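Right, one structure below, let's go through it.
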């Protein structure tokens, strides 16, 4: 194995390739992935990048693109995703368009991943958050053209233009991305994986119609316009507009595919500095995101000849908010306080043709508004070697629906946390964090109805509360670094999907998640260093659900290890050999659809070479040994197809060996 790996690295070097690497900066309470746009060139999918770089994040494979993530075993609204501080939500109740799918890695400057309920500025940070910072305009005129070609007919083209003066700076970015269906390690396309799974089952008509068996997996087009305006010496205005259009996205192990996923993100930020003594930094943020997502049976046999019996589930969601934040000096520390207001609208209906015309006009989500009004305050102060950060947030939330059967829901809650860090002179830190946060049930969990009129949502759900303790140690050496962290999360009224019920499938339960995480790096030489990360967790229900015996919590992935051997030379050559290992699933919720998944070991290699200040070439191979494996399980909160040979829900295998090259020309 070592000889094969060394041969691959040598071959890439002969071609002048260099492996660009994402720099991961560690703090006691977060991980920051920097320089993402320059180095993550394989595809536009941010979820895959996070999975490879952050041990506590796992991937939920939904398609060739638009994949979802879990963080410490939690997902959906338990994780907050923001893009330049704008909160983004998907429209699909089946998670075909998760928040991370509405941006592309080519426009991402950095990503900050924070675990635990320790941010009071954002609404609903239950298990953690992912803060995406997009590229910023430069004053110096710059431009970039890039193209990526890869296995399975993948191609991507992109451009960036930036420039300005002392007063105004502007950035424009655009990209086009398309791919055929990927093949797994056994050589099966998405359509073939589906055919192998459902042949002879009652769901056999959900296979792709002959005209679409070899269809493209997706087409994705994006554009971003961003402007920084210096109004005066201490005033700045930031404006941005991002548009994403994804067409004909195949979601193989679901009953439907996406005709398109369209989203727009608007962002305005005003910043005023140095209003001493009352303010050293004041920020006003306004944002809005709109998502439109119609999913359809058009590409499946079930839609009939010429799609005459097609069914469309059309959904939209809108997220808009305003936030005012002020920083000031107070009692030899820094106090931050503000107001946070947000509105999320979620609406969905069914449209049917031919024999399915009867579903037309039925609501899936009947125009639901979730309005949050909040006040928050944070305070940070050093007491010699001890740093204390504490925060408090009050939430007042109202949920309304156009479904006349249900009254308005009202929730109020307090979120609070304290994070203490003791720093010693020898670069040793010990930290302890206590936190509590809550989130309200979303519209899908409360009110979602199938096209047959079955109420899958549970309108009486309570809000979830997470009470958590994190503790750890961090140490820096002359040529090494490590951080070891443990956590215990007590979940009260955790919202959980109960497979055995005929309706009102969501219910509140009490549960706990606990685990340990390790991060480290070692400089082997001046040019070679090793990164290592590991994450292990367990999740348990306090009691089994009614009619069940399994107390294992779903979505709790087993031990995962991320390791990388990195090379960075003075002649603009970088290379990275990456190893990802996951243990077999032993503790999983079989009563709610999960199943045994074997362990896997995957090796990836990438190299990047800058030939001059203009030209940069990257070559890479993912899944070098063409391994067949699946990373995500089949928890019943996703509507997935059944496998005819086993009776289990269909697993979707990961892509097999994937070879790609990226060429960038900078001017």
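The values are calculated or read from the model by the stated rules, or taken from the named source; none is laboratory data. All values derive from a computational prediction rather than experimental measurement. Cβ atoms come from the backbone with ideal geometry, glycine included; neighbour counts cover every protein chain shown.
The set of residues in segment 604-635 that are in contact (Cβ under 8 Å) with a residue 24 or more places away in the chain, more than 23 Å from the chain's Cα centre (by Cα) and part of a loop (DSSP other than H, G, I, E, B) comprises 611, 613, 614, 624, 625, 626, 627, 628.
Answer yes or no as to whether residue 505 is under 21 Å from residue 443 (Cβ atoms), surrounded by fewer than 19 Cβ atoms within 10 Å (Cβ to Cβ) and in contact with a strand residue (DSSP E or B) (Cβ under 9 Å, 6 or more places away or on another chain).
Working: under 21 Å from residue 443 (Cβ atoms): yes; surrounded by fewer than 19 Cβ atoms within 10 Å (Cβ to Cβ): no; in contact with a strand residue (DSSP E or B) (Cβ under 9 Å, 6 or more places away or on another chain): yes.
So residue 505 does not fit the description; no.
Within segment 594-629, can you find the residues that are at positive phi and surrounded by fewer than 20 Cβ atoms within 10 Å (Cβ to Cβ)?
So in segment 594-629, the residues at positive phi come out as 623, 626.
Passing the criteria: only 626.
Could you say which residue among 662, 633 is within 19 Å of residue 573 (Cα to Cα) and either surrounded by 21 or more Cβ atoms within 10 Å (Cβ to Cβ) or at pLDDT below 95 (or both)? Of 662, 633, the one residue that is within 19 Å of residue 573 (Cα to Cα) and either surrounded by 21 or more Cβ atoms within 10 Å (Cβ to Cβ) or at pLDDT below 95 (or both) is 662. Residues of segment 403-427 that are farther than 17 Å from residue 470 by Cα and more than 28 Å from the chain's Cα centre (by Cα): 403, 404, 405, 406, 407, 408, 409, 410, 424, 425, 426, 427.
In segment 82-183, counting only strands (runs of 3 or more DSSP E) that sit wholly within it, the ones holding 1 or more residues that are over 23 Å from residue 69 (Cα atoms) span 142-150, 154-164, 168-179. Just one of the listed residues (461, 484) is surrounded by 15 or more Cβ atoms within 10 Å (Cβ to Cβ), closer than 30 Å to residue 92 by Cβ, touching a residue at least 24 places away in the same chain (Cβ under 8 Å) and under 27 Å from the mean Cα position of the chain (by Cα), and it is 461.
Could you please find all residues in segment 567-603 being farther than 23 Å from residue 533 by Cα and outside any loop (DSSP other than H, G, I, E, B)? Matches in segment 567-603: 573, 590, 591, 592.
Of these, 104, 125, which one is at pLDDT below 95, under 16 Å from the mean Cα position of the chain (by Cα) and surrounded by 24 or more Cβ atoms within 10 Å (Cβ to Cβ)? Residue meeting the stated conditions: 104.
Filter segment 368-404 down to residues that are assigned to a loop (DSSP other than H, G, I, E, B) and without any contact (Cβ under 8 Å) to a residue 12 or more places away in the chain, then give me how many there are.
2
Quick grid of which residues meet (1) in a helix (DSSP H, G or I); (2) touching a strand residue (DSSP E or B) at 6+ places or on another chain (Cβ under 7 Å); (3) at pLDDT below 90:
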position	(1), (2), (3)
19	no, yes, yes
24	no, yes, yes
32	no, yes, no
37	yes, yes, yes
42	no, yes, yes
50	yes, yes, no
55	no, yes, no
62	no, yes, no
65	no, yes, no
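Within segment 170-202, the residues that satisfy the criterion of being within 24 Å of residue 109 (Cα to Cα) and surrounded by fewer than 20 Cβ atoms within 10 Å (Cβ to Cβ) are 170, 172, 174, 176, 178.
Residues to consider are 313, 342, 303; find the one that is farther than 27 Å from residue 270 by Cα, under 27 Å from the mean Cα position of the chain (by Cα) and crowded, with 18+ Cβ neighbours inside 10 Å. Before you say what the answer is, go through the steps one by one.
Numbers: 342 fails: farther than 27 Å from residue 270 by Cα; 303 fails: under 27 Å from the mean Cα position of the chain (by Cα).
That would be 313, the only listed residue that is farther than 27 Å from residue 270 by Cα, under 27 Å from the mean Cα position of the chain (by Cα) and crowded, with 18+ Cβ neighbours inside 10 Å.
Take the conditions (1) farther than 22 Å from residue 157 by Cα; (2) crowded, with 18+ Cβ neighbours inside 10 Å; residue 278 misses just one of them, which is (2).
State the number of residues belonging to segment 571-584 that are touching a residue at least 12 places away in the same chain (Cβ under 8 Å) and closer than 30 Å to residue 613 by Cα. Qualifying residue count, segment 571-584: 7.
Considering every residue within segment 359-379, establish whether at least one is out of contact with any strand residue (DSSP E or B) (no Cβ under 6 Å at 6 or more places or on another chain) and more than 30 Å from residue 311 (Cβ to Cβ). Quick ask: steps written out before the conclusion?
Initial filter on segment 359-379 (out of contact with any strand residue (DSSP E or B) (no Cβ under 6 Å at 6 or more places or on another chain)): 361, 366.
From what's left, more than 30 Å from residue 311 (Cβ to Cβ): none.
Checked segment 359-379: no residue is out of contact with any strand residue (DSSP E or B) (no Cβ under 6 Å at 6 or more places or on another chain) and more than 30 Å from residue 311 (Cβ to Cβ).
Look at (1) at pLDDT 95 or above; (2) over 30 Å from residue 112 (Cβ atoms); (3) crowded, with 21+ Cβ neighbours inside 10 Å and you find that residue 148 fails only one, number (2).
In segment 542-557, the residues that are within 13 Å of residue 491 (Cβ to Cβ) form no Cβ pair under 6 Å with any partner that is modelled with pLDDT under 95 and exposed (fewer than 13 other Cβ atoms within 10 Å of the Cβ), whether six or more places apart or across chains.
If you go through segment 650-659 and pick out every residue that is buried (at least 21 other Cβ atoms within 10 Å of the Cβ) and in a strand (DSSP E or B), you end up with 1.
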